Structures are given as structure tokens and as C-alpha cells.
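Peer 1: Got a structure for you, written out below as C-alpha cells; questions coming shortly.
Values quoted throughout were computed directly from the atomic coordinates according to the rules given, and no laboratory measurement underlies them. From a predicted model like this one, the values you see are computed outputs, not experimental measurements. Positions of Cβ are backbone-derived with ideal geometry, glycine not excepted, and every protein chain shown enters the neighbour counts.
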Amino acid sequence: MTLATDWVTISALATAAGTLVLALATFASVRSANRAARVAERSLLVGLRPLLIPSRLDDPPVKVTFVEERYLVAPGGAAVAEANDGAVLLAAALRNVGSGIAVLHGWHFYPELVTAAEHLAPGEFTRFTRDIFIAPGEVGFWQGTFRDPAAPAFADARRAVEAHDSWTIEVLYGDAEGGQRMISRYAMLAHEDGKWLASAGRHWYVDRDGPR
């Protein structure tokens, strides 16, 4: 007996198969496009990312001015400080070895060497009262000031400076677009010539997982 061909069913199955193939091709294309977009975005962010380390010992000194109409000169790879009854002035020379402009947001001072694995929360940093930018491959500076003699932090900072003890700072900064925030910790090691040699300790990504 000859079976009648059900062309309607065959046509429906063929259409369904073609739709499935088209859907799979579209899904693969979208995944590939998304992957390419993520790679392009990552490359763009790498091109904007700053990284601050102490400047080299043979880098030129950096002049850092303060609102007290005073200034400090930070030699390459070092920090300087000055303390009196009215203010404690601090400054350090930094080099941007990243590929993007560094915009400094805030800082925190520790009157001793700190080796803890965790950094201070970003919201607890002291904000800068001036804009500080460091271009890629260039030397710039960090500065900090204590101006309230009644504050415990003022007494701690003045004591560390006048005793010429080692101290630590953490600096919060990011890229020129306001993203990719980082926190870098620097140990300022007391040196016999009256300055402090700067040494980078740890670097943390704030807005994404770090490399470790």
C-alpha cells in the first residue's frame, strides 16, 4: 500500500528545523559579540588605569605648596614633613606607572608602620581640598595636613614627625573618568638625613576583584 505524503507535516518540521538553526546561530553570534564587547571594554579600562608607586631616587624633587603659604620639597623616592603648634605638613613624591591619569581622592595617615591585610574603608578617607592629578609616566605628589591641635590625630602625627619615627599612608585614587578606584599603601621609613624613604606596600582595587 502506498502511503500518502503529508506535505503539511514535512513543511512544518522543515520550518521548525530552520528556525532552530537560525536561533542557535543567533545565540552564538550574540555570545561572540558580547565577548568581544567585554574584551574591548577591558582593553579600554586598562588604557585608563593609573598605578601610583614612590618615585625613583634619581627623579627630580617635587615642590608641594600648602595654604599656610609654606611649601615642602619632596626628593625622589622620599617623603618630607614639618610640624609645629599650628599644623603638621606631610608630602611624598609619587610616580604614575599606569597607563591612565591618576586623580587623587583621599588619604589616611597611620603614625606607625602598618602591615594589616585590610585597608581602610573608602568612606573613611580624608578628602583632598585641592585637585591633584598625576599624568602617566610622570612624577607628582601626595600631601596631607593636620590643622586641629586639639585632635588626637594631630598629636599622633606631630609626635611621629618630631621623633622622626616611621609612618604609613594609604591613598585613594582613580582614573580620569572617576572609576577604577584604587587604594595604595606606602611605608615611610625614617632615614638618617631627616627625610623618610617611601616604599610601596600593597595595592587594592576598590571597584572590582584584585589580581591576587
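Peer 1: For region 161-198 and region 61-140, write down the distance between their C-alpha centroids in whole Å.
Peer 2: 6 Å
Peer 1: Extension gain Ala14-Phe133, at 0.36 nm per residue separation less the Cα-Cα distance, in nm? Kindly include the intermediate steps, with their values, before the conclusion.
Peer 2: Numbers: separation 119, 0.36 × 119 = 42.84 nm, distance 6.35 nm.
Result: 36.5 nm gained on full extension.
Peer 1: Now for a separate question. Please compute the net charge surrounding Gly76, taking Lys and Arg as +1 and Asp and Glu as -1 over other residues with Cβ under 10 Å from its Cβ.
Peer 2: Taking every other residue near Gly76 into account, the sum is 0.
Peer 1: Measure off 7 Å from each Cα along the Cα-to-Cβ vector at Ser99 and Glu118, then give the distance between these two points in nanometres to one decimal.
Peer 2: Distance between label points: 3.4 nm.
Peer 1: Just to check I understand the Karplus step: with θ = phi - 60° and J = 6.51 cos²θ - 1.76 cosθ + 1.60, what whole-Hz values come out for region 107-115, glycine and proline as x?
Peer 2: 8, 9, 10, 10, x, 8, 6, 10, 10
Peer 1: Describe numerically, in nm with one decimal, the distance between label points set 7 Å from Cα along Cα→Cβ at Thr126 and at Ala150.
Peer 2: 1.7 nm
Peer 1: Turning to a different aspect of this structure: Output the peptides 187-200, 159-172, 109-122 sorted from most to least packed, where packing is the average of other Cβ atoms within 10 Å over each peptide's residues.
Peer 2: Working: 187-200: 16.6, 159-172: 18.6, 109-122: 13.9.
Ranking the peptides 187-200, 159-172, 109-122 by packing returns 159-172, 187-200, 109-122.
Peer 1: Between Asn84 and His164, what is 0.36 nm times their sequence separation minus the Cα-Cα distance? Round to one decimal in nm.
Peer 2: On the way: separation 80, 0.36 × 80 = 28.80 nm, distance 1.38 nm.
Additional length available on full extension: 27.4 nm.
Peer 1: What are the ³J(HN,Hα) couplings of region 83-88, residue after residue, when phi is run through the Karplus curve with 6.51, -1.76, 1.60 and θ = phi - 60°? Round to Hz, x for glycine and proline.
Peer 2: Whole-Hz 3J(HN,Hα) from phi for region 83-88: 9, 8, 5, x, 7, 10.
Peer 1: Measure of size requested: the Rg and Dmax of region 142-196, with Cα atoms as the atom set and Å as the unit; please supply both.
Peer 2: Cα radius of gyration and Dmax of region 142-196 are 14.2, 41 Å respectively.
Peer 1: Less than 20 Å from a label point 7 Å out along the Cα-to-Cβ axis of Asp193: which backbone N atoms in region 116-152 qualify, by residue?
Peer 2: From region 116-152, the list is 139-142.
Peer 1: Moving on to the next point. Stokes-Einstein D for the chain at 37 °C, 0.692 mPa s, Kirkwood Rh over Cα pairs, in µm²/s?
Peer 2: 162 µm²/s
Peer 1: With runs of 4+ DSSP H residues as the only contributors, calculate the mean residue ellipticity of the chain at 222 nm using -39,500 (n - 2.57) per run, divided by the residue total and rounded to the nearest 500.
Peer 2: Numbers: 2 runs with 53 residues, N = 212.
Only helices count here, giving -9000 deg cm²/dmol.
Peer 1: Dipole of region 52-205, Cα-centred, from +1 at each Lys and Arg C-beta and -1 at each Asp and Glu C-beta, to the nearest 20 debye?
Peer 2: With only Lys, Arg, Asp and Glu charged at Cβ, the dipole is about 220 debye.
Peer 1: Please list the non-local residues whose amide H lies under 5 Å from the amide H of Gly201, H modeled 1.01 Å from N, same-chain partners needing a gap of 5 or more.
Peer 2: Amide H neighbours of Gly201, under 5 Å, 5+ apart: Arg185, Tyr186, Ala187.
Peer 1: Okay, moving on. Add +1 for every Lys or Arg and -1 for every Asp or Glu among the other residues with Cβ under 12 Å from the Cβ of Val67, and state the total.
Peer 2: Result for the local shell: +1.
Peer 1: Please report the net charge: other residues with Cβ closer than 15 Å to the Cβ of Gly201, K and R +1, D and E -1.
Peer 2: Combined, the nearby Lys, Arg, Asp and Glu give 0.
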